[in-house]
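Student: So that we are looking at the same thing, I have put the structure below in structure tokens.
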Amino acid sequence: MSKYTDRNEQSYDSHAEEWESTIPINLAHKYMEKPAMATLLPQDLHGKSVLCIGVGSGEELGLLFRRGAEDMTAIDISNELLKRSASKFPTVKYSKMDMMDLSFADESFDVVYSSLAFHYSDDWDQLLSGIYRVLKRGGILLFSTHRPEFWEKK
């Protein structure tokens, strides 16, 4: 478990409504990070199983569904954000889970997608080995993280 998990869980639970309301007006998300992720994401996800790590209030799920994803699982550490996402995308399988301790069977997913969550990990070896374990052979990991100066402040 990341040393940030408890603090982040409490913060995101208490600020879920505010977080969700700022996403549409966040210029970096709208004009840089989200378009870059959409460009890199395969156009056709039909028949693919997808794990969304750090789903937040579900903004990424619309894109994944539009690309054809049908078997979708989403995790987050915030119950409040999971509730908000589930209210918009009820067919997704949700789990409150730390990305550092993925409790899925080996080779469960064709695609692992994560937008701006990996920076909460304090052990990238553990994080990536867990993802490698649950990712099917030949699968795709697509993630984004903060720019390099974020890491200097830790």
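Student: Would you confirm whether any residue within region 121-132 is at pLDDT below 95, within 20 Å of His29 (Cα to Cα) and out of contact with any Ser or Thr (no Cβ under 6 Å at 6 or more places or on another chain)?
Tutor: No: zero hits.
Student: Could I ask something else about it? Select from region 81-90 the residues that are open to solvent by 60 Å² or more (accessible area, probe 1.4 Å) and of a type in the set (S, T, N, Q) and list them in ascending order. Break it down into steps so the answer makes sense when it comes.
Tutor: Step one: list which residues in region 81-90 are open to solvent by 60 Å² or more (accessible area, probe 1.4 Å), which gives 83-84, 87-88, 90.
Once the filter is applied, which keeps residues that are open to solvent by 60 Å² or more (accessible area, probe 1.4 Å) and of a type in the set (S, T, N, Q), region 81-90 yields only Ser87.
Student: Looking at region 15-33, is at least one residue outside any helix (DSSP H, G or I), over 18 Å from Leu81 (Cα atoms), modelled with pLDDT under 95 and within 16 Å of the chain's Cα centre (by Cα)? I'd like the intermediate steps shown before the answer.
Tutor: Applying the first criterion (outside any helix (DSSP H, G or I)) to region 15-33 yields 15, 26.
After this cut, where a residue has to be over 18 Å from Leu81 (Cα atoms) as well, the list is none.
Looking for residues that are outside any helix (DSSP H, G or I), over 18 Å from Leu81 (Cα atoms), modelled with pLDDT under 95 and within 16 Å of the chain's Cα centre (by Cα), one finds none in region 15-33, hence no.
Student: Looking only at region 97-114, which residues are within 12 Å of the chain's Cα centre (by Cα), over 13 Å from Arg133 (Cβ atoms) and of a type outside the set (S, T, N, Q)?
Tutor: So in region 97-114, the residues within 12 Å of the chain's Cα centre (by Cα) come out as 97-99, 111-114.
Then keep just the ones that are over 13 Å from Arg133 (Cβ atoms); that gives 97-98, 111, 113-114.
If the condition is that a residue be within 12 Å of the chain's Cα centre (by Cα), over 13 Å from Arg133 (Cβ atoms) and of a type outside the set (S, T, N, Q), then Met97, Asp98, Val111, Tyr113 are the ones that fit.
Student: Now for a different question. Tell me whether region 113-125 contains one or more residues that are touching a Leu at 6+ places or on another chain (Cβ under 7 Å) and farther than 19 Å from Ile23 by Cβ.
Tutor: Start the filter on region 113-125 by keeping residues that are touching a Leu at 6+ places or on another chain (Cβ under 7 Å), which leaves 113, 118, 121.
Remaining after also requiring farther than 19 Å from Ile23 by Cβ: 121.
Yes: region 113-125 contains one or more residues that are touching a Leu at 6+ places or on another chain (Cβ under 7 Å) and farther than 19 Å from Ile23 by Cβ.
Student: Now, a different point. Can you list residue pairs whose Cβ atoms sit under 6 Å apart, with the first residue in region 88-101 being in contact (Cβ under 8 Å) with a residue 40 or more places away in the chain and the second being of a type in the set (Phe, Trp, Tyr) and in a loop (DSSP other than H, G, I, E, B)? Count only pairs 6 or more apart in sequence or on different chains.
Tutor: none
Student: Filter region 91-120 for residues that are of a type in the set (S, T, N, Q) and open to solvent by less than 20 Å² (accessible area, probe 1.4 Å); which is modelled with the highest pLDDT? Quick ask: steps written out before the conclusion?
Tutor: Applying the first criterion (of a type in the set (S, T, N, Q)) to region 91-120 yields 91, 95, 103, 108, 114-115.
Keeping just the survivors that are open to solvent by less than 20 Å² (accessible area, probe 1.4 Å) gives 114-115.
Numbers: Ser114: 97, Ser115: 93.
For region 91-120, the residue satisfying everything is Ser114.
Student: Filter region 42-66 down to residues that are in a loop (DSSP other than H, G, I, E, B), in contact with a strand residue (DSSP E or B) (Cβ under 6 Å, 6 or more places away or on another chain) and at negative phi and give me whichever is least open to solvent (accessible area, probe 1.4 Å).
Tutor: Result: Val55.
Student: Being open to solvent by less than 40 Å² (accessible area, probe 1.4 Å) and in contact with an Asp or Glu (Cβ under 7 Å, 6 or more places away or on another chain): is that true of Ser78 here?
Tutor: On the way: open to solvent by less than 40 Å² (accessible area, probe 1.4 Å): yes; in contact with an Asp or Glu (Cβ under 7 Å, 6 or more places away or on another chain): yes.
Against the criterion (open to solvent by less than 40 Å² (accessible area, probe 1.4 Å) and in contact with an Asp or Glu (Cβ under 7 Å, 6 or more places away or on another chain)), Ser78 qualifies.
The values are calculated or read from the model by the stated rules, or taken from the named source; none is laboratory data. Bear in mind the structure is a predicted one, so any value in this text is a computation, not a measurement. Methodologically, a virtual Cβ is constructed for each residue, glycine included, from the backbone with ideal geometry; neighbour enumeration extends over all protein chains shown. Side chains are part of the model used for accessible areas, which takes the heavy atoms of the whole protein and leaves out ligands, DNA and RNA. Shrake-Rupley method; radii C 1.70, N 1.55, O 1.52, S 1.80 Å.
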